[in-house]
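Here's the structure we're looking at; comments come further down.
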Amino acid sequence: MGRVRILVAGGAGYIGSHTVLSLLEAGHQVVVADDFSNARPAVLDRLGELAGRPVPCVEVDLTDPGRTDAVVAEHRPEAVIHCAGLKAVGESTDAPLRYYRTNLDATFSLLEAMRRHGVDRFVFSSSATVYGDHAPVPYLETHTPLAAANPYGRTKVMIEQVLTDHAAATPGLRVALLRYFNPVGAHPSGRIGEDPQGVPTNLMPFVAQVAVGRRERLAVFGDDYDTPDGTCLRDYVHVVDLAEGHVAAVEHLDVQATPVRAFNLGGGRGTSVRELFDAFCAVVGRELPHEVVGRRSGDLPAYWADTTRAADELGWRARRSLEDMVADVWRWQSQNPDGYPA
Ligand code: WQD
């Protein structure tokens with residue numbers, strides 16, 4: 001696939017912004033579409049700085065089919081990478097209707113606009129959460145049934161099903177479903193990174209905020225699991241590796257044999273809370289305050305990806321180490337203690 005014009009929905013977000021940069025570095029043209037409900041406009045300034053040129057961006061509510069159609073009609077992308085969506089597990093349990101409406105309607109708007117304007121390449125930001133609580137570890141893309149344990153995860157399962165049915169009825173459409181494991185890290189420049197609004201629910205950004213003094217201490221949610229050090233194991237993957245996985249996936253669509261193909265994007269190994277925490281303390285050069293508390297409901301003891309398919313078919317593997325992840329997060333957070341400017 002040569003130089004392609006790509007619309008990145010959610011391109012001002014954490015995964016989206018890193019994906020935009022990797023696409024530009026690979027020689028593609030990019031337009032960002034974002035409603036800035038969970039991202040700051042300053043992200044686009046940083047992307048322009050890193051890319052050496054302004055990155056075109058359209059502010060749009062993708063749940064509005066008319067506005068979404070107008071954006072696709074104007075920018076005529078040859079491919080769409082869809083990273084726009086609500087993604088907080090706990091919040092989705094408190095506000096399921098908002099999650100179903102936002103995540104599903106944005107997808108419907110994009111697919112209808114793509115059909116109307118002849119766009120037939122689509123990459124979807126899915127999640128390992130689609131494997132639910134009972135899949136054998138390591139997770140295989142062939143696992144069925146998909147059955148997430150929360151409304152957020154169920155929107156991902158539903159959208160994967162919508163895409164499968166729609167692609168079966170749309171000759172020429174090619175779709176890649178990218179099932180992210182635990183994205184962490186930041187661009188090594190320290191100029192873009194994860195900037196969760198409010199109290200972080202995920203481990204890495206919380207530790208980073210402890211390190212810069214925004215949070216008092218890390219609460220370790222249980223150390224009595226049946227794992228080597230008693231804390232949960234997860235498959236952490238550097239966000240730049242993940243971004244490069246999107247480039248590999250969109251470039252592979254032209255030769256993708258089936259209309260829809262799922263790919264695990266993970267490192268293929270489990271890292272414990274304690275290992276990640278200790279690696280962060282090592283890069284900061286001091287023991288960060290923490291305490292072990294009770295387990296968080298819904299947490300699984302351990303899971304990680306089987307990464308064979310992405311390696312064999314996309315030629316993609318996660319290359320960055322845990323030390324790279326924590327060093328890059330620390331550089332981002334220490335240079336931006338309060339995240340992006342308002
Ligand atoms: C990792 C480990 C916690 C915070 C979630 C979503 C998943 C995906 C990635 C979207 C667990 C422990 C955490 C803290 C802790 N998101 N922890 N103290 O739960 O594996 O995955 O984010 O797709 O869908 O479920 O990630 O970072 O929240 O937790 O001890 O303050 O860190 O118990 O073992 P998780 P996480």
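The values are calculated or read from the model by the stated rules, or taken from the named source; none is laboratory data. Since the structure is predicted, the reported quantities are computational estimates derived from the model, not experimental observations. When we count neighbours, we look across all protein chains shown, and the Cβ atoms used for this are built from the backbone with ideal geometry, even at glycine. With ligands, DNA and RNA removed, areas are computed over all heavy atoms of the protein, side chains included. Shrake-Rupley method; radii C 1.70, N 1.55, O 1.52, S 1.80 Å.
Data overview
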quantity: Hull-based mean projected area of the range 145-221, where the convex hull spans the alpha carbons, in square nanometres; calculated: 8.2
quantity: Neighbour-limited loop hits for trypsin sites (Lys or Arg not before Pro), the range 163-225 (at most 13 other Cβ within 10 Å; DSSP other than H, G, I, E, B); calculated: R217
quantity: Residue of D324, D229, D241 that the Gaussian network model of the chain assigns the largest fluctuation, springs spanning Cα pairs under 10 Å; calculated: D229
quantity: Rounded tilt (10° steps) of 322-335 against the dominant C-alpha axis of the chain; calculated: 90
quantity: Cα-only radius of gyration and Dmax that characterise the chain, units Å; calculated: 19.1, 57
quantity: Rounded percent of accessible protein surface that carbon and sulfur make up, the range 144-302, 1.4 Å probe; calculated: 51
quantity: Accessible area in square angstrom per residue, the range 233-287, 1.4 angstrom probe; calculated: 32
quantity: Diffusion coefficient, µm² s⁻¹, Stokes-Einstein with Kirkwood Rh over alpha-carbon pairs of the range 44-127 at 10 °C and 1.306 mPa s; calculated: 112
quantity: Value at 222 nm in deg cm²/dmol, rounded to 500, when DSSP H runs of n ≥ 4 in the chain each add -39,500 (n - 2.57); calculated: -11500 deg cm²/dmol
quantity: Debye-sum result for the range 211-266 in log10 I(q)/I(0), which assumes one identical scatterer on each alpha carbon, at q = 0.21 Å⁻¹; calculated: -0.89
quantity: Angle in degrees between helix 239-252 and the longest Cα principal axis of the chain, rounded to the nearest 10; calculated: 20
quantity: The range 213-286 and the range 124-174: distance between their alpha carbon centers, rounded to Å; calculated: 19
quantity: The range 264-320: GluC sites (Glu not before Pro) in DSSP coil with no more than 13 other Cβ atoms inside 10 Å; calculated: E287
quantity: Pairwise label distance in nanometres, R101 with R3, each label 7 Å out on the Cα-Cβ vector; calculated: 4.2
quantity: Largest-first principal axis extents, alpha carbons of the range 272-319, Å; calculated: 43, 31, 9
quantity: Cα-based Kirkwood hydrodynamic radius, the range 152-302, one decimal, Å; calculated: 17.8
quantity: In degrees, nearest ten, helix 42-51 long axis to first principal axis of the chain (Cα); calculated: 80
quantity: Fraction of antiparallel bridges per DSSP, the chain only, in percent to nearest 5; calculated: 5
quantity: Selection of trypsin sites (Lys or Arg not before Pro), the range 226-277, meeting DSSP coil and at most 16 other Cβ within 10 Å; calculated: R269
quantity: For the chain, built as a Gaussian network whose Cα springs stay under 10 Å, the top-fluctuating residue of T107, T63, T170; calculated: T170
quantity: Rg and Dmax [Cα atoms of the range 1-143; Å; Rg one decimal, Dmax integer]; calculated: 15.8, 47
